[in-house]
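Below is one structure, written out as structure tokens; the observations come after it.
The values are calculated or read from the model by the stated rules, or taken from the named source; none is laboratory data. Here the structure is a predicted model, which means the values were calculated and not measured. So basically every Cβ, Gly included, is an ideal-geometry build from the backbone, and we count neighbours across all protein chains shown. Heavy atoms of the whole protein, side chains included, go into the accessibility calculation; ligands, DNA and RNA do not. Shrake-Rupley method; radii C 1.70, N 1.55, O 1.52, S 1.80 Å.
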Amino acid sequence: MASGRIALNGAHVMEWTPKGSKPVLYMSPLAVLEPFKAIRGGIPICWPWFGPHPTDASQPAHGFVRNLMWTVGNVSENLTGVTLEFLLSDGPDSMPCWPHPFSLRLEIKMGMTLSVDLHITNTGASEWSMTGALHTYLCVDDVRDAAVMGLDDSYYVESRLSPDRIEQSGPVYFDREVDRLYDSRDTVRLMDRKGRRTVVVDKGGSRATVVWNPWIEKSQRLNDLPDDAYPFFVCIEAANAGHQIINLGPGEEHTLSQRLRLQSF
Ligand code: TA6
């Protein structure tokens, strides 16, 4: 059916390769594989905030749960593949960063498709707010010959350039750093012309989609990414970020989901 690799650190899906296909998830050859360190590639879990901490610059980017050791929950297998569950709740590692009770259950279904469902529960007695993303790195043979379809007519902000909301016209192409937060709940398709395949990205519980490629200069700045790596991946992230903030009351749950499947050209 497929092969894959998942780290307990961050409950981080590092690899997924359906039988007969090339790897779907990009993993940097310079990724740092040490406890409590974010892993460059695969599917980092960004929670309970996306991007820089909203008020405290000393906090890690993209939240703290991708830097913590999760525990394994239920594991099962059937003819379509394996289902693995990873768990994380508030504790001494989380409270200093984010003083709220929570429970996370990540459910990963891996076979000829890959599903990732992050079940988020407010286990406390008062409401809190969150953002977050499934920060998925997808392989392409050459980003300069790739396109993201399905965001046409949606609005985005280019996170480093300006807060202006811009309307997307047609496919998203890559000829510079692209770091965009789209207001979109839609399925998108990553067309890898040189690799002659399309990755279909469905999502749920997500009001925003992030599309990122670091291009040349940012790749050179990232120590855990080869300088010449930028042509070989695009991040397409099921997110709630920017003005798309989720409020959870006591006992309430929200699920952020992403499903990946391949289509040949
Ligand atoms: O999702 C895009 C982004 O927010 C980019 O701005 C870039 O910072 C990327 O995430 C990687 O962030 P990281 O903290 O994993 O280096």
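Can you name the strands (runs of 3 or more DSSP E) wholly within the range 96-143 that have at least 2 residues being among the basic types (Lys, Arg)? Write out each step before concluding.
On the way: elements: 102-111, 114-122, 128-130, 132-139.
Per the criteria, 102-111.
Of the set (1) in contact with a strand residue (DSSP E or B) (Cβ under 7 Å, 6 or more places away or on another chain); (2) not in a loop (DSSP other than H, G, I, E, B), all apply to Pro35 but (2).
Scan the range 69-81 and tell me whether some residue there is open to solvent by less than 30 Å² (accessible area, probe 1.4 Å), within 13 Å of the ligand (Cβ to nearest atom) and either touching a Ser or Thr at 6+ places or on another chain (Cβ under 6 Å) or part of a loop (DSSP other than H, G, I, E, B) (or both). Before you say what the answer is, go through the steps one by one.
First, the residues of the range 69-81 that are open to solvent by less than 30 Å² (accessible area, probe 1.4 Å): 70, 73, 81.
Applying the additional criterion that residues be within 13 Å of the ligand (Cβ to nearest atom) yields none.
No, every residue in the range 69-81 fails to be open to solvent by less than 30 Å² (accessible area, probe 1.4 Å), within 13 Å of the ligand (Cβ to nearest atom) and either touching a Ser or Thr at 6+ places or on another chain (Cβ under 6 Å) or part of a loop (DSSP other than H, G, I, E, B) (or both).
Considering the range 202-218, and only residues there that are within 11 Å of the ligand (Cβ to nearest atom) and polar (S, T, N, Q), the residue that is farthest from Gly51 (Cα to Cα) turns out to be Asn213. Flag: Ala11 does not match the condition of being closer than 23 Å to Asp117 by Cβ, surrounded by fewer than 20 Cβ atoms within 10 Å (Cβ to Cβ) and away from the ligand (no atom under 11 Å from the Cβ).
Take the residues of the range 32-69 that are among the aromatic types (Phe, Trp, Tyr) and under 16 Å from the mean Cα position of the chain (by Cα): which is farthest from Tyr182 (Cα to Cα)? Once the filter is applied, the top-ranked residue is Phe64.
Just need a number here: residues in the range 222-242 that are in a loop (DSSP other than H, G, I, E, B), within 16 Å of the ligand (Cβ to nearest atom) and open to solvent by 40 Å² or more (accessible area, probe 1.4 Å).
We begin by selecting, within the range 222-242, every residue in a loop (DSSP other than H, G, I, E, B); these are 222-229, 241-242.
If we keep only those that are within 16 Å of the ligand (Cβ to nearest atom) as well, we get 222-227, 229, 241-242.
Then keep just the ones that are open to solvent by 40 Å² or more (accessible area, probe 1.4 Å); that gives 223, 227, 242.
Counting residues in the range 222-242 that are in a loop (DSSP other than H, G, I, E, B), within 16 Å of the ligand (Cβ to nearest atom) and open to solvent by 40 Å² or more (accessible area, probe 1.4 Å) gives 3.
Can you tell me which residue among Val65, Val143, Val148 is touching a Leu at 6+ places or on another chain (Cβ under 7 Å), within 16 Å of the ligand (Cβ to nearest atom) and closer than 22 Å to Leu190 by Cα?
Details: Val65 fails: closer than 22 Å to Leu190 by Cα; Val143 fails: touching a Leu at 6+ places or on another chain (Cβ under 7 Å).
After ruling out the rest, the residue left standing is Val148.
Of the residues Arg259, Arg176, Arg180, the single one that is more than 13 Å from the ligand (Cβ to nearest atom) and either closer than 23 Å to Leu104 by Cα or touching a strand residue (DSSP E or B) at 6+ places or on another chain (Cβ under 7 Å) (or both) is Arg259.
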